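A.B. asks: Let me give you the structure first, and then I'll get to my questions.
Just so it is clear, none of the values below were taken in a lab; they were calculated from the coordinates. On a predicted model such as this, the values are computed, not experimentally measured, just so you know. Glycine also receives a Cβ, built like all others from the backbone with ideal geometry; neighbour counts cover every protein chain displayed.
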Amino acid sequence: MQAGGRQLAEHDRRLEPPFSRSPTPVSRITSGDASALDPLEIESLMLNLDAALRVHARHHFFAWTQGLLQNLIRHELLVCALRNAEPMSFHVDSFATSPVEPAFFSDMFRRDTSVVPHLIKTWEDNDFRPVICQMGSGSPYAGSALARELNQIGTSILLAHGTFDVFGRLASFFAFACQSEAIGSKQPYLAELVVPFLHPAWVRTQVNRPAESASASAPAAGLLTSREQEILKWIHMGKSNIEIGTILAISPLTVKNHVQKILRKLNVQNRTQAVGKALALRILSI
């Protein structure tokens, strides 16, 4: 009876949703089920996978991850880490549309010695499936420098997943810094589907970066007026027309007119595409 009771308890534990377990800082996630996605989510997934195949430069990657990919995994910051020759040495890059300095978080992630190693170890022990790390108050990691900075931008959860090589060694690792309400039961499964496309898309941007820099056209900076460049800078930092108008002491309608001119001059359809095109032309820089 005692052995049977233990087996039943273990069976119940497996059925328990990962978000309702005891408040361990890092949760292991089992593989999801495609039937859990509704038709709109499946359509969005297909559009994202198609978009990933079209990424060949840094501004493409930025426009995809901070635009279309947000429909699947809403995040404030995406950290991409590629393993170097040493076991725990990484080339790190970060992307965000919010007013943060991505390079700062890349450096924080690279130097972290508490959260990141434990995330990777848990991911490996979880048969290379996504893991979720609680970074808010009450977490053992709340006092770490990385957690404090992530909390400053309003995020309290890291959703992490990676790729591995033929020898079972970590190849790359991706961490989505999210607000708690942005992560439900589907996001880890979506990360499991998206990261195999995220990895080659990001690697292509690293390969193409020198050519991309060499091909930047010098006259591009004169494509927009100084006022339009200023407005585009605030768009890049996530400000609305009303907020930009307040900052620049002009009306929201005037801002809207400037935005329309920016879109026409850059030959793009929306604000995210405008930021991506401006990054490609070196009108803006990350």
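A.B. asks: Arrange the following residues from fewest to most other Cβ atoms within 10 Å of their Cβ: F128, F167.
C.D. replies: Values: F128 15, F167 6.
So the ranking, lowest neighbour count to highest, is F167, F128.
A.B. asks: Still on this structure, please answer the following. Working only with C-alpha atoms, what are the Rg and Dmax values of the stretch 216-280, expressed in angstrom?
C.D. replies: Final numbers for Rg and Dmax: 11.2, 34 Å.
A.B. asks: Can I ask one more? On a full-extension model of 0.36 nm per residue, what is the gain between F128 and R169, subtracting their alpha-carbon distance, rounded to one decimal in nm?
C.D. replies: Details: separation 41, 0.36 × 41 = 14.76 nm, distance 1.01 nm.
So the extension gain works out to 13.8 nm.
A.B. asks: Show which lysines lie in cross-link reach of K186 when reach means a straight Cα distance below 27 angstrom and same-chain residues fewer than eight apart are skipped.
C.D. replies: Within the straight-line limit of under 27 Å, K186 reaches these lysines: K121.
A.B. asks: Here's another thing I want to ask about it. Sorting S106, S137, S35 on the 10 Å Cβ count, fewest up front, what's the list?
C.D. replies: Listed from fewest to most nearby Cβ atoms, that is S35, S137, S106.
A.B. asks: Kindly rank 71-77, 248-254 from highest to lowest mean number of other beta carbons found within 10 Å of each residue. Please report the intermediate quantities before stating the final value.
C.D. replies: Details: 71-77: 20.0, 248-254: 12.7.
For the peptides 71-77, 248-254, the packing ranking is 71-77, 248-254.
A.B. asks: Give, as a single signed number, the net charge of other residues whose beta carbon lies under 15 Å from the beta carbon of L77, with Lys and Arg counted +1 and Asp and Glu -1.
C.D. replies: Numbers: positive: R74, R110, R148; negative: E76, D93, E101, D107, D112, E149.
Cβ neighbours under 15 Å give a net charge of -3.
A.B. asks: Further question on the same structure: Taking the Cα centroid of the stretch 114-147 and of the stretch 265-285, what is the distance between the two, rounded to the nearest whole Å?
C.D. replies: Their Cα centres are 35 Å away from one another.
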